[in-house]
Structure formats: structure tokens, C-alpha cells
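A short worksheet on the structure shown next.
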Amino acid sequence: MKNKGMFSAIVSANEKNSEQFYKLELVFDGDGAQQFARARAGQFAELDLANCKLPQAENIPDDLKDSANRKILLRRPFSFSDVKAAGDKTNVEILYCAVGPATLRMTTLAKGDCVSVLGPLGNGFSLPDDKSKAVLVAGGSGAGPIMHLAKQIKADSPNVEINVFVGAATREKLPFENCWFDKLTTGGAKTTVATDDGSAGNKGFVTDCVLNWLNENKSAASETIIYGCGPEAMLKVLAEIAAEKGIDCEVSMERVMACGFGVCQGCAVECKINGSDKTIYKMCCKDGPVFNAKEIVFKTKV
Ligand SMILES: Cc1cc2nc3c(=O)[nH]c(=O)nc-3n(C[C@H](O)[C@H](O)[C@H](O)COP(=O)(O)OP(=O)(O)OC[C@H]3O[C@@H](n4cnc5c(N)ncnc54)[C@H](O)[C@@H]3O)c2cc1C
Ligand code: FES
């Protein structure tokens with residue numbers, strides 16, 4: 001059986017989840033069901049959205065009106081917020097934000113539509129087998145894979161204490177309404193929300209909450225692991241916190257992607273060689289998207 005492939009999936013639901021986020025549910029059968037049932041949190045798939053129709057003009061946000069009609073040439077990468085195998089089918093959930101022509105079209109997918117999906121791709125997060133505490137940090141659309149990871153840790157490493165931190169600029173930019181918040185908390189994970197303007201949860205950056213929590217919940221650095229998925233500026237701060245405290249840290253990087261499996265060389269991530277000043281370029285799609293935070297040369301200034 002193949003490790004990854006091109007599969008057809010059927011849309012079982014596509015609904016607005018919060019002010020800016022949607023949740024797409026895809027059902028795979030056959031080989032696709034078997035491959036996606038094994039998908040790890042942090043892996044992703046490339047969706048062909050070229051033939052999806054645009055929403056009605058009045059439903060296109062003003063800031064996307066200009067870009068909406070751009071032709072979609074390339075597939076688009078998305079991680080999973082949940083994967084459930086049920087009999088000979090596998091259900092895959094994607095939490096997404098409409099930010100441009102492809103994701104805008106994605107909002108018009110309806111129950112019964114067929115989508116071409118290439119995947120599962122990339123490496124995914126490692127599971128914290130030798131740790132007692134996992135700190136999961138999501139910014140914006142990074143919430144999807146972080147939710148998936150929380151679920152996988154709970155299932156595979158039930159003794160690990162899971163602490164989830166979710167950040168966004170404002171309440172409107174959070175990826176979930178109450179039901180998603182409940183889903184995280186009832187899953188056994190303690191969840192802390194932060195918004196830059198304080199309109200939901202704690203006021204300030206989510207990384208400040210992580211630092212406070214680490215200072216208040218001291219345990220051996222070797223027993224804790226931090227996972228991050230979100231904007232590069234957030235990942236950079238997480239990497240600095242982890243380095244200062246000597247805690248292992250994995251971050252899921254984002255790059256604009258074309259092929260999705262290491263051929264076009266379009267998704268380079270600069271990485272240090274063994275902690276030295278020498279660097280090489282790794283491919284986000286194939287060597288990542290999850291990297292050890294220590295090796296990344298972050299491109300953003302904080
Ligand atoms: C491994 C991976 C997993 C992802 N998982 C998710 C997910 O679960 N949910 C979700 O909502 N989005 C996810 N994304 C981002 C998603 O792929 C983009 O939002 C999408 O491709 C945008 O397509 P578009 O045509 O709508 O907008 P575009 O016009 O292509 O992009 C709109 C804006 O977003 C920027 N952008 C687009 N793609 C990326 C990228 N990969 N990295 C950084 N900036 C980008 C563009 O520069 C532009 O400013 C993921 C990206 C990667 C690489
Ligand atoms: S997207 Fe082609 S090499 Fe990564």
C-alpha cells in the first residue's frame with residue numbers, strides 16, 4: 001500500500017465555525033481511508049480547489065474582493081484538526097480561515113462535493129513518550145493541528161498532562177466559539193486563551209501566558225515539551241523561551257507551497273547545522289513542516 005497518494009474525498013460538512021474560521025469535514029474510503037487513518041498531527045494535505053465556485057459577491061469580504069478572481073493554479077496545503085477512522089471510512093476535519101482566492105472558494109464546498117486530495121504529507125509532531133507535561137501553543141489557524149495533537153497525545157500517552165494555549169489578535173479572530181473551547185477542555189486538556197486586545201481570555205500575547213505558566217508550574221525541563229503552530233513571530237518567541245529554560249520544543253513552520261513533496265524546492269526553511277553558525281536549506285513540505293525549534297533560523301523580527 002502507498003504511503004501517500006492522490007485520493008478523492010467526499011465533503012460531509014462545511015460550516016462557519018466562528019467569525020473568520022470554517023470547518024470542512026471530508027470522508028475517505030478505500031486506500032485513502034487507510035492512509036489518512038494513520039495521519040499524524042501536524043501532517044498536511046494539498047487540496048485542489050481550482051474548480052470550486054466563488055461565494056456570491058455580497059458574501060466576499062471587502063479586503064478580498066480584488067484577489068477573489070485570481071486564477072487558482074496550485075493546490076493549497078492544510079493540516080488536520082481531527083482524524084477519525086470509522087469502519088472502512090476515515091473522516092478528516094480541516095479548520096481553515098478564508099484569506100484569499102482558494103480558501104474563499106473552499107467556503108462554497110457543500111455536502112456531497114468531491115475534492116481531490118494529495119496526502120498525507122510531511123512529518124508531523126513527535127509524541128511525548130518520555131515526558132510528563134506537554135505545552136501546546138496555537139496562534140490563528142495553527143489551532144487545527146494543535147487540537148489534533150492534543151487528541152493524539154490523550155489517546156497514545158494518557159499519562160501526559162496536556163496544557164493548551166490559544167492566541168489571536170481579537171475575539172473575532174479566534175478559531176472557535178464556545179463549542180470548540182469546550183471540545184478542548186472536555187478532552188482533558190487545560191486551555192488558556194489570550195487575545196492581544198483582551199476581548200477574550202487573557203490580554204496580551206499567548207507566549208506571555210506560556211512563560212507565566214512555565215514559571216508557576218516548575219518541573220524538570222527534561223520532563224516537559226513545547227509544541228507550537230502559528231505565525232512565525234510566535235514560534236520564534238516560543239523557541240527563545242524553550243532555549244532559555246532548556247525545554248524541548250517542536251514548531252510547525254509555514255511556507256507557500258507548490259508540489260508539497262520536495263520536488264519544486266519552493267518552500268525552503270533555513271536551518272542551523274548542529275547548532276553551529278553554518279546553515280542549510282531544508283524543505284518545509286518534506287523535511288517538515290515540524291522542526292526542532294533549535295535548528296530554525298527565524299525570518300521574522302519580534
Ligand atoms: C503545512 C501547512 C499547513 C497549513 N494548514 C492550514 C490549516 O490547517 N488551516 C488554514 O486555514 N490554513 C492552513 N495553511 C495555510 C493555507 O495553506 C493558506 O492560507 C492558503 O494556501 C491560502 O490560499 P488562498 O489562495 O486562499 O490565499 P493566497 O492568496 O494564496 O494567500 C493569502 C495570504 O496568505 C499568505 N499565505 C498563503 N499561504 C501561506 C503559507 N503557506 N504560509 C504563510 N503565508 C501564506 C499569502 O502570502 C497571502 O498574503 C497551511 C499552510 C501550510 C504550509
Ligand atoms: S512545496 Fe515543492 S519542495 Fe516543498
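Computed from the coordinates by the stated procedures, all read-outs in this text should not be read as laboratory data. Given the structure is predicted, the values throughout are model-derived calculations rather than measurements. Note: ideal-geometry Cβ built from the backbone for every residue, glycine included; neighbour counts use all protein chains shown.
Structure summary
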item	result
Descending semi-axes in whole angstrom, ellipsoid equivalent of segment 5-121, from the Cα gyration tensor	25, 14, 12
Helix-derived mean residue ellipticity, 222 nm - over the chain, DSSP H n ≥ 4, -39500 (n - 2.57), to 500	-6000 deg cm²/dmol
Calculated SAXS-style log₁₀ I(q)/I(0) at q = 0.08 Å⁻¹ - the chain, Debye, Cα scatterers	-0.34
Dipole of the chain [Lys/Arg +1, Asp/Glu -1 at C-beta], most positive-end residue of I241, Q34, S79	Q34
Selection from P101, G5, S222 lying farthest towards where the dipole of the chain points positive, charges on Cβ	G5
Segment 21-141 - charge dipole about Cα centre, Lys and Arg +1 at Cβ, Asp and Glu -1, debye rounded to 20	120
Rule-of-thumb Rg ratio for segment 101-168 [Cα; 2.2 N^0.38 Å; N residues]	1.43
Gaussian network model of the chain, Cα within-10 Å springs - most flexible of G198, G142, G260	G198
Over 27 Å between alpha carbons, listed pairs K151/K218; K218/K286; K245/K278; K4/K151	K218/K286
Whole-Hz ³J(HN,Hα) from phi, Karplus 6.51 cos²θ - 1.76 cosθ + 1.60, for segment 72-81, glycine and proline x	9, 8, 9, 5, 10, x, 9, 7, 10, 9
Table column - 3J(HN,Hα) (Hz), segment 195-203, Karplus curve with 6.51, -1.76, 1.60, x for Gly and Pro	10, 4, 9, x, 6, 8, x, 6, 8
Label-point separation in nm, E232 to D63, each point 7 Å along Cα→Cβ	1.9
Antiparallel bridge percentage (DSSP; both residues within the chain; nearest 5)	60
Percentage, to the nearest whole number, of Cα pairs in segment 133-251 over 17 Å apart	51
Given charges at beta-carbon only (K, R positive; D, E negative), |dipole| of the chain in Debye	520
